[in-house]
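Remarks on the structure that follows.
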Amino acid sequence: MRILVVEDHCDTRTVLCALLSRCGCQAVIAKNIKDAQTQLTARKFDALVVDLNLPDGDGLDLVTEAKRLHSLKAIAVTARTAVAERKRGLRAGCDFYLTKPVDFYQLRCALGIPPRHSIA
């Protein structure tokens, strides 16, 4: 599974990519919307894992664009915890809306990674 991880916080990005790699996924990183758009144009992805508070815009705009252009699963990973924000995320095209700190088990389930792909 090829996953585009869009996260501006270095430690969070590093941990997410390491855990996804240990589950057999190919994680490609982008630090902002511009980098993500470049990656989405160059490659096909099975899923988009995106922070919503990015330095160059709102990750929901990226979700809407990515879903319009590609058939992929979109998962928000965000500090936005309000119910109204969750509803906004789902309307924008997020298939799942996870709040930070992210439970990696929930992320694996959202991505459809089978239990046999252990991170241990």
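Would a scan of the stretch 82-97 turn up a residue that is among the hydrophobic types (A, V, I, L, M, F, W, C), open to solvent by less than 30 Å² (accessible area, probe 1.4 Å) and touching a strand residue (DSSP E or B) at 6+ places or on another chain (Cβ under 8 Å)? First the steps, then the outcome.
To start, the set of residues in the stretch 82-97 that are among the hydrophobic types (A, V, I, L, M, F, W, C) comprises 82-84, 90, 92, 94, 96.
Narrowing the set further to residues that are open to solvent by less than 30 Å² (accessible area, probe 1.4 Å) leaves 92, 94.
Checking the rest, the ones that are also touching a strand residue (DSSP E or B) at 6+ places or on another chain (Cβ under 8 Å) come to 94.
Within the stretch 82-97, one or more residues are among the hydrophobic types (A, V, I, L, M, F, W, C), open to solvent by less than 30 Å² (accessible area, probe 1.4 Å) and touching a strand residue (DSSP E or B) at 6+ places or on another chain (Cβ under 8 Å).
Based on this model, can you work out whether T38 counts as closer than 14 Å to V5 by Cα, surrounded by 18 or more Cβ atoms within 10 Å (Cβ to Cβ) and among the hydroxyl-bearing types (S, T, Y)?
Numbers: closer than 14 Å to V5 by Cα: yes; surrounded by 18 or more Cβ atoms within 10 Å (Cβ to Cβ): no; among the hydroxyl-bearing types (S, T, Y): yes.
Judged against the criteria, T38 is not a match.
Report whether or not D61 is of a type in the set (D, E), open to solvent by less than 70 Å² (accessible area, probe 1.4 Å) and under 15 Å from E7 (Cα atoms).
Working: of a type in the set (D, E): yes; open to solvent by less than 70 Å² (accessible area, probe 1.4 Å): no; under 15 Å from E7 (Cα atoms): yes.
No; evaluated as a whole, the condition is false for this residue.
Tell me yes or no: at least one residue of the stretch 46-62 is assigned to a helix (DSSP H, G or I) and free of Cβ contacts under 8 Å to residues at least 40 places away in the same chain. Step through it out loud before you land on a result.
Filtering the stretch 46-62 down to residues assigned to a helix (DSSP H, G or I) leaves 59-62.
From what is left, the residues that are free of Cβ contacts under 8 Å to residues at least 40 places away in the same chain are 60-61.
Taking every residue of the stretch 46-62 in turn, at least one turns out to be assigned to a helix (DSSP H, G or I) and free of Cβ contacts under 8 Å to residues at least 40 places away in the same chain.
So which of V63, V28 is under 20 Å from T99 (Cβ atoms) and either modelled with pLDDT of 95 or more or not hydrophobic (A, V, I, L, M, F, W, C) (or both)? First the steps, then the outcome.
Numbers: V28 fails: under 20 Å from T99 (Cβ atoms).
One residue alone meets the criteria, V63.
The values are calculated or read from the model by the stated rules, or taken from the named source; none is laboratory data. Remember, it's a predicted structure, so these values are computed and weren't measured experimentally. All Cβ positions, glycine included, derive from the backbone under ideal geometry; neighbour counts span all protein chains shown. Just so you know, the surface numbers come from the protein's heavy atoms only, side chains and all, with ligands and any DNA or RNA stripped out. Shrake-Rupley method; radii C 1.70, N 1.55, O 1.52, S 1.80 Å.
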